[in-house]
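**Student:** For reference, the structure I am asking about is given below.
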Amino acid sequence: MSGLLRASLTAVLGPTNTGKTHLAVERMCGHASGMMGFPLRLLAREVYDRVVKIKGYAQVALITGEEKILPEGARYFLCTAESMPTDREVAFVGLDEAQTGADLERGHVFTDRLLHRRGYAETMILGSETLRPLIRRLLPDAEIVTRPRFSTLAYAGPKKLSRLPKRTAIVAFSAEDVYALAEMLRRHKGGAAVVMGGLSPRTRNAQVELYQSGEVDYLVATDAIGMGLNMDIAHIAFASLSKFDGHRHRRLTTAEMAQIAGRAGRYQRDGSFGMVQLGTEAVRGFEPEEIEAIEGHEFPPLSQLVWRNARLDFASLPRLIASLDARPTMPELFKAHDAVDFAVLRSLSQDPTVADRATGPARLQRLWAACGLPDYRKTGPEQHARLVGRVFRHLSEGDGKLPAEWIAAEVANLDNVNGDIATIADRISAARTWTYVAHRGDWVEDATHWAERTRALEDKLSDALHQRLTQRFVDRRTAVLMRDLKVRGRDFGVEIDEDGSVTVEGEAIGTLDGFRFNADPTARAGEKRMLLAAAERRLTGELAKRASLLAGADDAAFALAFDGTMPPRIEWNGARVGSMAQGRDALSPKLELDRSLDLLSAADRAAVRARLEQWFATQRERQVGSLVAVSALTTGEGGVSPAARGLIVQLVENLGCLVRERVALQIAALDKHDRKALAAAGVRLGVAHVFVKDLLRPEPTRWRLAMWAVHRGVEAAPAPPPAGRVTVDVEPSAPRGFYDVAGFWTIEGQAVRIDMVERLAQAMHQKRDGRSAFIPDDSWVASVGMRREGFARLMRALGYRLKSVDGRAAFEWRGPRTEAQRPPARATPEHSPFAILAGMRRG
């Protein structure tokens, strides 16, 4: 790079909820290329999804140990810190949660990135204020920016589990404690979502959605929640203030407490923190000085960061170990205990087979890469070294690849969704090992195949784990409660009336609407849980019966319900059973089953889905088939010209209705063959719009609006215009393009059906004589359902100007104006068309 512009180096420091990550993402997206490193795979994925929405899928890469999404030509890279490419030069580099450099296990990676990874235009280091002294000494040229927290954080004292407020996250430091707390919340509060660092992104996202959607009001998590994962949390309750850090059991530092507590009160909503009181036994809570420090965001500064030599000597195995054992020369850095990869290398160095094969730089680099295989199952260095040793032995013999038979056998052994939560979670950890291996193209043949296979396995196990977590910690009608009921000798009789009313021993407890059970809102909480559990025993058979009825139902039993509320619903006999979701393009939406069908067996769900998709495809063809036929003109033999194809693409994108001015150039370039083909397909090249006439009927219009809203990601829209209405008042909140797709032309606060506009334009064309003024028929005004002022605006939009002829309102042809030609200023009151109309009335 030229020396004319000096790359900036900025450290953005502050507590949680200061928008540091958001700022860095905005800065990165403002550059031609960029890269950010994060402490968690889940956080990297969260930011990846955000940047994809800004830059598009083709420009954004995700690189973690187990997941690589690397489009050709990608310019923005979201990575775990360990996976940040060192061979790519980018304009912007960001490092999130840089205080992780003090972590004994992974800190050396963050320290290395902090000291050496730079963007050629801008580098941004994000972290806690505790980094300030070290930034000053290690990076004297860095500009330090402090950001204040957007909201306040206050201590709320200890609370019993039953007294915790809604939108609370309880933080524990072991999987066993997390599960135990979630089980208690299920009994006391009706359910909880679970988030842990070891969960796959798929399971984690599904659990977070349970919480974010309000289906449950409580979350139980490990301290992984403290690393930038943003959720709607009002209160953080600590189950403990100590944890095992991989080396010893210790009390959390004040900065660690604050990092976790700071997840409460995101953006400008204040948050609180405290302890959760379990039972009657007193627990050691926060000290007064800790509370003061957390509320004031003042913590002891870090004095050292963990360091490990990055300039490794691959001349021999002893020299490699010696280079990893090197000590830093700067007092701000220290060498911590051996990380897992180094401990594994030391162990393998005692293996004669490994020592014999680890000769020469190439072999040693392969050995060191194998030692970097993460110990996802937390088996410890000695146990993990056995797996790594086998990997290296395969990599150092034959073609230098891992045997496909070995990988296939290991993956097949894990392909089992039976078992409890711990068993499935352990399989996911093991699957992550093979996902990591599959993304090493120099280790396996057909890396793409194995990456897809291991990703599918992880997704399958993740779905099973989410289902187990939900059944155990969210479903209030669990087997435990069922057993309790039987022990008490109570076996409630459940009856379902034809209208869906559910009664237990003659008492109404709710209704079964389709497949969704709605409990009686007047029931007491404890009573409701018991009744729900009793009802569930008999609902399984009823739901299976209804699934069978749905699978055999006529088309008339199904309907698309769309009144502007998103997403558009698919109903069976008036009950919601699915929804329309975004597909590959506007004409190809997907169908998603409603969550109320989750209790069905896999076979029943498959039968329901097959029937709904059959109906959905039939209705799509019936309602918008003419637009599908228009789209086909771009691909058939003897097809239309490029200009016509361009017009058709835009017409299909707008679901069959398009303002003519937007495609004026394409229309001008159409030849006779194009026009004939378009006309045969039902396309009208109108005065002001291009449209498919058959699609303007009420039912096709409702389908088109639903498909358009789903494709555009609209959050809410007005209801489709009522059938038979020619003119409607424009809803100010309507998303842009809504009335165009509905087949209406927006004219200053009102919208007129475009086919009526075309009919009016043809009538006027026959009536007028050149540019001579003419008096419109009274029937014209009535035909468009507008008052005379609105009619005058419509005529002006069509290219006519109002004037007075013998005291009567007349119009003369001036030609339509394009947007660029329309003057910015409005007519003065005394010369406006409405003033002329008013004068005529007085006359």
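The values are calculated or read from the model by the stated rules, or taken from the named source; none is laboratory data. Computed from a predicted structure; not experimentally measured. Reconstructed Cβ throughout: ideal geometry from the backbone, glycine too, with neighbour counts over all protein chains shown. Please note that ligands, DNA and RNA were not included when accessible areas were found on the heavy atoms of the full protein model with its side chains. Shrake-Rupley method; radii C 1.70, N 1.55, O 1.52, S 1.80 Å.
**Student:** Can you tell me which condition Arg483 does not meet? The list is (1) modelled with pLDDT under 90; (2) touching a helix residue (DSSP H, G or I) at 6+ places or on another chain (Cβ under 9 Å); (3) among the charged types (D, E, K, R), and all the others hold.
**Tutor:** Answer for Arg483: the failing condition is (2).
**Student:** Okay, next question. Against the conditions (1) at pLDDT 95 or above; (2) among the hydrophobic types (A, V, I, L, M, F, W, C); (3) surrounded by 21 or more Cβ atoms within 10 Å (Cβ to Cβ), where does Val47 fall short? Just the number, please.
**Tutor:** (1)
**Student:** Counting only residues that are among the charged types (D, E, K, R) and open to solvent by less than 40 Å² (accessible area, probe 1.4 Å), which one in the stretch 430-458 is farthest from Lys401 (Cα to Cα)?
**Tutor:** Of everything passing the filter in the stretch 430-458, Glu458 is farthest from Lys401 (Cα to Cα).
**Student:** Given (1) open to solvent by less than 80 Å² (accessible area, probe 1.4 Å); (2) in contact with a helix residue (DSSP H, G or I) (Cβ under 9 Å, 6 or more places away or on another chain); (3) closer than 22 Å to Leu153 by Cα; (4) of a type outside the set (S, T, N, Q), where does Gly296 come up short, assuming only one miss?
**Tutor:** Result: Gly296 fails condition (2) only.
**Student:** Check every one of the strands (runs of 3 or more DSSP E) wholly within the stretch 50-132 and list those with 1 or more residues that are within 30 Å of Ala258 (Cβ to Cβ) and either within 20 Å of the chain's Cα centre (by Cα) or modelled with pLDDT under 95 (or both).
**Tutor:** Correct list: 60-63, 76-80, 122-127.
**Student:** OK, next. Could you grab the pairs with beta carbons closer than 6 Å, sequence gap of 6+ or different chains, first residue in the stretch 609-621 and touching a residue at least 60 places away in the same chain (Cβ under 8 Å), second one open to solvent by 50 Å² or more (accessible area, probe 1.4 Å)?
**Tutor:** Taking only residues 6 or more apart or on different chains, the pairs are Trp615/Asp555.
**Student:** Checking the structure you have, find out if any residue of the stretch 770-777 is modelled with pLDDT under 75 and either open to solvent by 70 Å² or more (accessible area, probe 1.4 Å) or of a type in the set (Phe, Trp, Tyr) (or both).
**Tutor:** The answer is yes; a qualifying residue exists.
**Student:** From the list Ala154, Ala175, Ala169, which one is in contact (Cβ under 8 Å) with a residue 12 or more places away in the chain, over 29 Å from Gln304 (Cα atoms) and buried (at least 19 other Cβ atoms within 10 Å of the Cβ)?
**Tutor:** Sole residue among the options that is in contact (Cβ under 8 Å) with a residue 12 or more places away in the chain, over 29 Å from Gln304 (Cα atoms) and buried (at least 19 other Cβ atoms within 10 Å of the Cβ): Ala169.
**Student:** For the stretch 547-577, give me each residue that is among the aliphatic types (A, V, I, L, M), in a strand (DSSP E or B) and surrounded by 17 or more Cβ atoms within 10 Å (Cβ to Cβ).
**Tutor:** Leu560, Ile570, Ala575, Val577
**Student:** Which numbered condition in (1) on the phi > 0 side of the Ramachandran plot; (2) without any contact (Cβ under 8 Å) to a residue 40 or more places away in the chain is the only one that Glu290 fails?
**Tutor:** Of everything listed in (1) on the phi > 0 side of the Ramachandran plot; (2) without any contact (Cβ under 8 Å) to a residue 40 or more places away in the chain, Glu290 misses just condition (1).
**Student:** I've got another one for you. Return the residue satisfying two criteria in turn: it lies in the stretch 788-814 and is in a loop (DSSP other than H, G, I, E, B) and either modelled with pLDDT of 75 or more or hydrophobic (A, V, I, L, M, F, W, C) (or both), and of such residues it is most open to solvent (accessible area, probe 1.4 Å).
**Tutor:** Result: Arg814.
**Student:** Six or more apart or on different chains, Cβ under 9 Å: which pairs go from a residue in the stretch 751-773 that's aliphatic (A, V, I, L, M) to one that's open to solvent by less than 10 Å² (accessible area, probe 1.4 Å) and assigned to a helix (DSSP H, G or I)? Could you list them?
**Tutor:** From residues that are aliphatic (A, V, I, L, M), the pairs are Ala751/Ala742; Val752/Leu760; Val752/Gly790; Val752/Leu794; Val757/Leu794; Leu760/Leu794; Leu760/Met795; Met764/Met795.
**Student:** Using the structure shown, decide if Met764 is modelled with pLDDT of 70 or more, within 22 Å of Ala664 (Cβ to Cβ) and among the aliphatic types (A, V, I, L, M).
**Tutor:** yes
**Student:** Condition first: farther than 13 Å from Ile754 by Cβ, in contact (Cβ under 8 Å) with a residue 60 or more places away in the chain and either surrounded by fewer than 19 Cβ atoms within 10 Å (Cβ to Cβ) or β-branched (Val, Ile, Thr) (or both). Can you find one or more residues in the stretch 668-688 that meet it?
**Tutor:** no
**Student:** I'd like the residue in the stretch 60-99 that is in contact (Cβ under 8 Å) with a residue 24 or more places away in the chain and of a type in the set (Asp, Glu) and, out of all such residues, is surrounded by the fewest Cβ atoms within 10 Å (Cβ to Cβ).
**Tutor:** Checked the stretch 60-99; the qualifying residue surrounded by the fewest Cβ atoms within 10 Å (Cβ to Cβ) is Glu89.
**Student:** Counting only residues that are open to solvent by 10 Å² or more (accessible area, probe 1.4 Å) and in a helix (DSSP H, G or I), how many does the stretch 195-211 have?
**Tutor:** Within the stretch 195-211, residues that are open to solvent by 10 Å² or more (accessible area, probe 1.4 Å) and in a helix (DSSP H, G or I) number 7.
**Student:** Turning to a different aspect of this structure: Do any helices (runs of 4 or more DSSP H) lying entirely in the stretch 592-694 carry at least 3 residues that are farther than 30 Å from Pro567 by Cα, and which ones are they?
**Tutor:** It comes to 642-653, 664-668, 672-680.
**Student:** Could you grab the pairs with beta carbons closer than 7 Å, sequence gap of 6+ or different chains, first residue in the stretch 374-394 and touching a residue at least 60 places away in the same chain (Cβ under 8 Å), second one crowded, with 17+ Cβ neighbours inside 10 Å and among the polar types (S, T, N, Q)?
**Tutor:** Tyr376/Ser429; Tyr376/Thr433
**Student:** Please go through the stretch 238-259 and pick out each residue that is open to solvent by less than 40 Å² (accessible area, probe 1.4 Å), part of a helix (DSSP H, G or I) and out of contact with any Ser or Thr (no Cβ under 9 Å at 6 or more places or on another chain).
**Tutor:** Thr254, Met257
**Student:** Would you check which residues across the stretch 363-399 are farther than 16 Å from Glu445 by Cα, open to solvent by less than 30 Å² (accessible area, probe 1.4 Å) and part of a helix (DSSP H, G or I) and list them?
**Tutor:** Those that are farther than 16 Å from Glu445 by Cα, open to solvent by less than 30 Å² (accessible area, probe 1.4 Å) and part of a helix (DSSP H, G or I): Leu364, Leu367, Ala369, Ala370, Cys371, His384, Ala385, Val388, Gly389.
**Student:** Looking at (1) in contact (Cβ under 8 Å) with a residue 12 or more places away in the chain; (2) over 23 Å from Asp694 (Cβ atoms); (3) loosely packed, with under 15 Cβ neighbours inside 10 Å, find the lone condition where Asp604 falls short.
**Tutor:** The failed condition is (3).
**Student:** Would you check if Leu651 is open to solvent by less than 20 Å² (accessible area, probe 1.4 Å), more than 27 Å from the chain's Cα centre (by Cα), touching a residue at least 40 places away in the same chain (Cβ under 8 Å) and over 30 Å from Ala464 (Cβ atoms)?
**Tutor:** So Leu651 passes the test.
**Student:** Give the residues of the stretch 723-777 that are touching a Lys or Arg at 6+ places or on another chain (Cβ under 8 Å), within 29 Å of Val624 (Cβ to Cβ) and part of a loop (DSSP other than H, G, I, E, B), sorted by residue number.
**Tutor:** The answer is Arg725, Val726, Pro735, Gly737, Gly743.
**Student:** Take the residues in the stretch 400-429 that are among the acidic types (Asp, Glu) and in a loop (DSSP other than H, G, I, E, B); name whichever of them is least open to solvent (accessible area, probe 1.4 Å).
**Tutor:** Just the residues of the stretch 400-429 that are among the acidic types (Asp, Glu), to begin with: 405, 410, 415, 420, 426.
Then drop every residue that is not in a loop (DSSP other than H, G, I, E, B), which leaves 415, 420.
On the way: Asp415: 57, Asp420: 88 Å².
Selected residue: Asp415.
**Student:** What do you reckon, is Ala782 open to solvent by 70 Å² or more (accessible area, probe 1.4 Å), in a helix (DSSP H, G or I) and not β-branched (Val, Ile, Thr)?
**Tutor:** Yes.
**Student:** Could you list all residues from the stretch 141-151 that are outside any strand (DSSP E or B) and either at pLDDT below 90 or open to solvent by less than 80 Å² (accessible area, probe 1.4 Å) (or both)?
**Tutor:** The answer is Ala142, Arg147, Pro148, Arg149, Phe150, Ser151.
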